[in-house]
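As structure tokens, the structure follows; a few thoughts come after it.
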Amino acid sequence: MKETRLLLFLIVISLILTCTPSSIKDPHQNKISVFEDSGSKSTNNLKHVVQNMVAPPALPQHEQVVQGDPVVVDVRLVVEEKLQEIAPGVKTWLLTYNGSVPGPIIVVHQNDYVQLTLVNPATNTMIHNIDFHAATGGMGGGDLTSVAPGQEVSFRFKAIKSGVFVYHCAPGGIMVPLHVISGMNGAIMVLPRDGLKDENGNPVRYDKAFYISEQDFYLPKEKNGKYKEYDSPASGFGDLIESMKTLVPTHLVFNGKTNALTGENALKAKVGDKVLFITSQANRDTRIHLIGGHADLVWLGGSFNDTPVTNYESWPVVGGSAVAAIYQFRQPGRYLYLDHNLIEAFAFGAIAEINVSGQWNDNLMKQIEKPGPIK
Ligand SMILES: [Cu+2]
């Protein structure tokens, strides 16, 4: 009899334990302190993995969850100074990493090493470098990576903090904003080794990911209102200093130019897809909204170490940061992903379009009666 009671007691206890809703699981359990030292491991026998960079909004091929020891991720960025159209009929000198604005997004896992080779071809005219907000050490690596035209440099940092972070050129003094507002910025995603976690601390995977960056331009104008054109980046910098000091952008665009992510260039997803959106702004505050959807999960400030907030309608991206959000599309159709200063979106161009395919769900939205005369 005693044994039966004990058995019953054990069954009840195990039922209680298995039926405990995951929502009351502590997402912070087993977390290590942010102050914990993760820097003392030997770097002698680490495996090197080459990351093939791709132009945004795409992300390089990567695993969401990794096992085993950290690796050294080899990344090569080539600086390209180029005169390019950023709006119909408007050309400016872009300073770029690998030719795109923003530069390519790098993806690694926490405690991996990023080994960057920065190449400044002799055809360029200026000194460039890179400051990684994900790095630990003086000037984010800026002082170790300065390269004149005709030089290349290589340096390594350990990605000890997980999250999404901006990187940008920072050659010193007034050149810092001048290079950043000429397009010389990008982002890096440092995933937790065991992947992303939702609001309850459970693993969450994304089906697709897009890197969308807002760029502010401050192009100098002629007296007649036409945008000035210059023979070289440096020849425009005197005017550019004056126009950027107004703090009023002439152009605010996603991924380097107007309509980079709309119309034919619209992003695509399917109903059911969990889409990871990574948005950066290297210089200026913005606020993102998805018309027709929400952010199911947002890692505010870009920190994957924190529990994501849920169901945000709009979310902030402060200047000099990147933010990650996941949304699962439940309904097909056309969505706009934009800066919800609507003037900046619709009058300036900080807007992207997502076309989602799949089966319409009347339960979520339905037109009850077509427009007709007032009864
Ligand atoms: Cu630069």
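Can you give the net charge of the other residues whose Cβ lies under 12 Å from the Cβ of Gly172, counting K and R as +1 and D and E as -1?
So the surrounding residues net to -2.
Would you compute, from DSSP H runs of 4+ residues alone, the mean residue ellipticity of the chain at 222 nm, taking -39500 (n - 2.57) per run and dividing by the full residue count, rounded to the nearest 500? Write down the numbers at each step before the final one.
Numbers: 3 runs with 36 residues, N = 375.
Helices in the chain give a 222 nm mean residue ellipticity of -3000 deg cm²/dmol.
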### Query
Are any of the pairs Lys91/Lys268; Lys91/Lys223; Lys197/Lys268; Lys208/Lys268 more than 19 Å apart by Cα-Cα distance, and if so, which?
Lys91/Lys268; Lys197/Lys268
### Query
If you plug each phi of the stretch 185-199 into the Karplus form 6.51 cos²θ - 1.76 cosθ + 1.60 with θ = phi - 60°, what whole-Hz ³J(HN,Hα) values come out, in order, with x for Gly and Pro?
7, x, 8, 10, 10, 10, 7, x, 4, 9, x, 7, 10, 7, 5
### Message
How big is the dipole moment of the stretch 121-215 about its Cα centre under a simple scheme where the beta carbon of each Lys and Arg is +1, that of each Asp and Glu is -1, and everything else is neutral? Debye, nearest 20, please.
### Response
240 debye
### Task
Would you work out which of Asn255, Met244, Leu276 lies farthest towards the positive end of the dipole of the stretch 240-288, given +1 charges on the beta-carbon of Lys and Arg and -1 on that of Asp and Glu, about the Cα centre?
Leu276
### Query
So for the chain, taking the charge dipole from beta-carbon charges (+1 Lys/Arg, -1 Asp/Glu), which of Pro102, Pro308, Ala347 sits furthest toward the positive end?
Pro308
### Query
Can you sort Asp112, Asp69, Asp339 so the residue with the fewest Cβ neighbours within 10 Å comes first?
Asp69, Asp112, Asp339
### Task
Would you work out the relative contact order for the chain, in percent, from Cα pairs under 8 angstrom that are 6 or more residues apart?
14 percent
### Summary
Within the set Asn259, Asn283, Asn45, GNM on the chain using Cα springs under 10 Å gives the largest fluctuation to Asn45
### Query
For the stretch 213-220, in order, what is each residue's ³J(HN,Hα) by Karplus, 6.51 cos²θ - 1.76 cosθ + 1.60 with θ = phi - 60°, in whole Hz (x at glycine and Pro)?
10, 8, 10, 9, 10, 10, 6, x
### Query
Given +1 on the Cβ of Lys and Arg, -1 on the Cβ of Asp and Glu, and no further charges, what dipole in debye does the stretch 208-357 carry about its Cα centre, rounded to the nearest 20?
320 debye
### Task
Quote the charge dipole size of the stretch 256-297 about the Cα centre in Debye, to the nearest 20; the model charges only the Cβ of Lys and Arg (+1) and of Asp and Glu (-1).
60 debye
### Task
Please report, in whole Å, how far the alpha carbons of the stretch 48-194 spread along each principal axis, starting with the longest.
49, 33, 23
### Task
Show the residues, 5+ positions off or on another chain, whose built amide H is closer than 5 Å to the amide H of Tyr227.
Glu222
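Multiply the residue separation of Lys245 and Lys226 by 0.36 nm, subtract the distance between their alpha-carbon atoms, and state the gained length in nm to one decimal.
Values: separation 19, 0.36 × 19 = 6.84 nm, distance 1.90 nm.
So the extension gain works out to 4.9 nm.
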#### Entry: Using alpha-carbon coordinates, inclination of helix 233-244 to the longest axis of the chain, degrees
70 degrees
### Message
Please check: in the Gaussian network model of the chain (C-alpha springs, under 10 Å), which one of Glu242, Glu344, Glu229 has the largest mean-square fluctuation.
### Response
Glu242
### Message
Please list, ordered by chain and number, the residues whose modelled amide H lies under 5 Å from the amide H of Lys197; skip anything fewer than 5 residues away on the same chain.
### Response
Val204
### Query
So who's got an amide H within less than 5 Å of the one on Gln151, skipping anything under 5 residues away but keeping other chains? H placed 1.01 Å off N, in plane.
Asn120
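Throughout, read-outs are computed from the coordinates displayed, never taken from laboratory work. Given the structure is predicted, the values throughout are model-derived calculations rather than measurements. Neighbour counts run over all protein chains shown; Cβ positions are idealised from the backbone, glycine included.
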